[in-house]
Each structure stands twice: as C-alpha cells, then as structure tokens.
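A.B. asks: My structure is below; once you've seen it, I'll send some questions.
Computed from the coordinates by the stated procedures, all read-outs in this text should not be read as laboratory data. Since the model is a prediction, treat every value here as computed from it, not as a measurement. Please note: Cβ atoms are built from the backbone with ideal geometry, for glycine as well, and neighbour counts cover all protein chains shown.
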Amino acid sequence: MICVLHNVFYNQIIRERRLSYHYDAVSGDILKSPHSHSNHIPTEYEFKHSKWIKKMLRAYWVVVLTHVVIQIGCFLFLDYDRTPEDFIIHVLFWPTLASTLAILIASWVENRFISFSFYSMSMASTVIAWTIIYVNYDIRIILAICLLPIFASVLFFSKKRVWTVCLMQMIGYLLVLCDPAYRLYLSSFDMVSIPAFLIIGTYVAQLIVTSGVEVLDDLQASMLAKQDLIVRNAIMSKQSKTDGLTNLYNQSSFKDYYEKAFEYAKNGMSLHLALIDIDNFKSINDTYGHRVGDAILERVSLVIQENITSSDIAARYGGEEFALLMFEQPIEQAYALVEQIRKKIARLVHLELEGAYITVSVGLKSYSSHLNKDKLFEEVDAYLYAAKRTGKNKTVTSLDPI
C-alpha cells in the first residue's frame, strides 16, 4: 500500500534511467547518453544474431539429411548411371562427411569463438552448397543453391558480410572448377555466367540490406523519439509533483497522497500526520532577506529527508510549513522520529544568521476511525499552534494535553 502512495513518481525515474538519456539541469535539455548505441543495428537486435546462427546450423543439418535421402531415393527408384560402390563413396560418403565436418567445426567455433561464428557459419554453408552442386552438376538449376549463403547473410544487415560471403562462393566455384570433369561439363558461357550470377545475386542482397538498414534507422528514430517523450513527461511529472526549492512534494501532491493514505488507514493501516513549522520565520525573512530564508528552508527540508524512512511522505505544505505522513509504526515511534528531526534542526549552524539558531514547532496525531481527513488535519494543525503558543521548539501530540 505504501508503494502505491510513495513510489508512483520514483517508478517513472527508474524507467528514465533505463533509457539512454540524461537530463541537463542547466540547459533543461534531454541529452543522449554517451554510452547509447549509435550503430544502425540496435544492441538488443545484435544479441539475436547468435540465436540465428544456431538456427542456421540446425537448418544445415536438415539440408544435408534431405540431400542424402533424395540421393538414395533417386538411386533406388530412378535410372542412375553410377555403380553402387561409386554412388556410396562419391555421392553419399565423401559429400556427407565434408558437410558434416563443416557444420561441426562451425558449431565448435560458435561455442568457443563467438566473434567468428558468422564466418564459420558462412564457410559451412559454402561447403554444403558447393558440395551439393558438385555432386549434382548435371542438374543446371542446382547452381541456385550457391545463392542461399548470400541471402542468409542478409539477416545480419551488413554489406561487408554480404560481399564476404560472395567471395566465399567465388572461392568455392574456383575449387570445384579445378576438377577437369566439371570443367568439361561447362561451356565457356557457363564459366562466365556463374560469377556474373553470383555478383548480381550479391548486389540484390546488398539492396535488401540497404533497405533493411533504412527501416531499422526509421524504427530506431521513432523509438528514440518515443523515449524522448517519455523522459520529458517524467521530468514534467517530477516538476509538477515537487517543490522546486526544497525538492519535497508540493502541497497538491501531498493532498493526493494524503487522501489515498486516509483510505488505506480506514482499512487498517496505521497512519500518523505531522505538521512542522519554522519558528519566527517571518522575522528571519524581514531581517536577513528572502535569500537567507530560502537557504533555511532548504536546510530544514534536507534534515527532514535524511531522517524519514523510505515509507514516509514529506512535503512542503506552504511557506515555512512542512507536512509529514508516517506509516506502519506506533505513535511512539512516529513521535521519536519527529523529535529527532526537531532536535537536529535546532542544532543546525547558520552562518547567515550570525550565530543565531532556528527551531521548529510540531503537531502530531494518529488516524482514528471517528475522524475524517479534514478533521484529522485540523486537529494536527491545532496541536502545531499549541506548540507555538506554549513556547515553540517542541512537539505536541494527541498524547499531550493542549
């Protein structure tokens, strides 16, 4: 219940701290944190890359297994111009072994050297693609598989990575081209068109990356604008709820919290209300000026803030008067707290007052079921003025006769 009353504003500040901004109190501007991410890709988006690589490696196992199943099916049910021994060794065993080793190495690199995981994954996809192409080079459309690693790299939104994968495909093509049988199968046009095919595919992939980066930039700009608005609203909320001089809640905020606290008190929560007023404050202003008066108010508010608990609510109610709500404690403990505040204020040294001290008077009363919120406030106010009439620098409570 106390959290509902006391932490509404502080929850906004916590959210503000989670954003990549800070507030410049001098200029009133909201500035981007120097540690905020400035790349195209948001940091949380980059964290997903590792998951994508794992998913891609799992997909490669599916590709290799599917290729094996299709090859076996073709050998068993279609006309196949290879002997069983040639088929097992050159179509199944060596291609599958090469692809399996490539995936295992990529998985090991991904676990041990995560910064190189993209390149190991791309190398594995290159090995798989060109192994399948080499085994099935008589199927012309199979060359399209070499584009899969290129378009897989698009997921990482980096032109450099896209062209790196393209280079890997070129190297794979040159290695396969070393086999005289494969060279004999290709025409002169094929030898030229395959690299051109890779370059065109890579260029299209780069366009996709460029478009994706622009979308991410727009998304990030929208997100930053939204965060900017949230931060500004949090700051405005703080300014509307607190007193600018003392940094305590203002009267309006206190009334809201007091009303809610009273409702909770009617349901059984202990509640104590104290009013604290600086003695002879008008003469301080008249003698030393309002600037000194403001300094006194700041020091008194600081003593109050340093001595209340995290559950208590303190406010500058008006002028030199402060209000304090205390919860979940007996009246004796609440009395000890306000007495501690009163005594510490009385011991403060104020150079501006030429050695003089200031004191406060306090009225304190607990909630009881026969009181409404206005009546409770009136009675606490009466205790405060009783303290002033009977000598000041004291606390009058419902336990004391007026």
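A.B. asks: Mind jotting down the three principal axis lengths of region 58-151 based on Cα atoms? Whole angstrom, largest first.
C.D. replies: 46, 24, 16
A.B. asks: Using all Cα-Cα distances in region 235-387, what percent lands in each 10 angstrom bin from 0 up to the longest?
C.D. replies: Taking every Cα pair in region 235-387, the percentages come to 11, 41, 34, 12, 2.
A.B. asks: Follow-up. Kindly rank 95-104, 385-394 from highest to lowest mean number of other beta carbons found within 10 Å of each residue.
C.D. replies: Result, highest mean Cβ count within 10 Å first: 95-104, 385-394.
A.B. asks: Which order, highest average first, do 211-219, 81-89, 352-360 follow once you tally other Cβ atoms within 10 Å for each residue and take the mean per peptide?
C.D. replies: Values: 211-219: 12.9, 81-89: 11.2, 352-360: 14.7.
The densest-packed peptide leads the list: 352-360, 211-219, 81-89.
A.B. asks: Relative to the compact globular guide of 2.2 N^0.38 Å, what is the alpha carbon radius of gyration of region 112-167, as a ratio?
C.D. replies: Computed over Cα atoms of region 112-167, the ratio equals 1.20.
A.B. asks: Please list 3J(HN,Hα) in residue order for region 327-342, calculated via the Karplus relation 6.51 cos²θ - 1.76 cosθ + 1.60 where θ = phi - 60°; whole Hz, with x for glycine and proline.
C.D. replies: Per-residue couplings from phi come out as 10, 6, 7, x, 4, 5, 5, 5, 4, 4, 5, 5, 5, 4, 4, 4 Hz.
A.B. asks: Per 10 Å bin, what percent of the C-alpha pairs of region 147-293 does each bin hold, from zero upward?
C.D. replies: Final binned percentages: 9, 17, 15, 11, 8, 9, 10, 9, 7, 3, 1.
A.B. asks: Given Cα positions, please report Rg to Rh for the chain, the hydrodynamic radius being the Kirkwood one.
C.D. replies: 1.35
A.B. asks: Something else: If you average over every viewing direction, what projected area does the convex hull of the Cα atoms of region 308-364 give, in nm²?
C.D. replies: 4.5 nm²
A.B. asks: What percentages make up the Cα-Cα pair-distance distribution of region 114-217 when the bins are 10 Å wide from 0?
C.D. replies: Distribution as computed: 15, 46, 28, 9, 1 percent.
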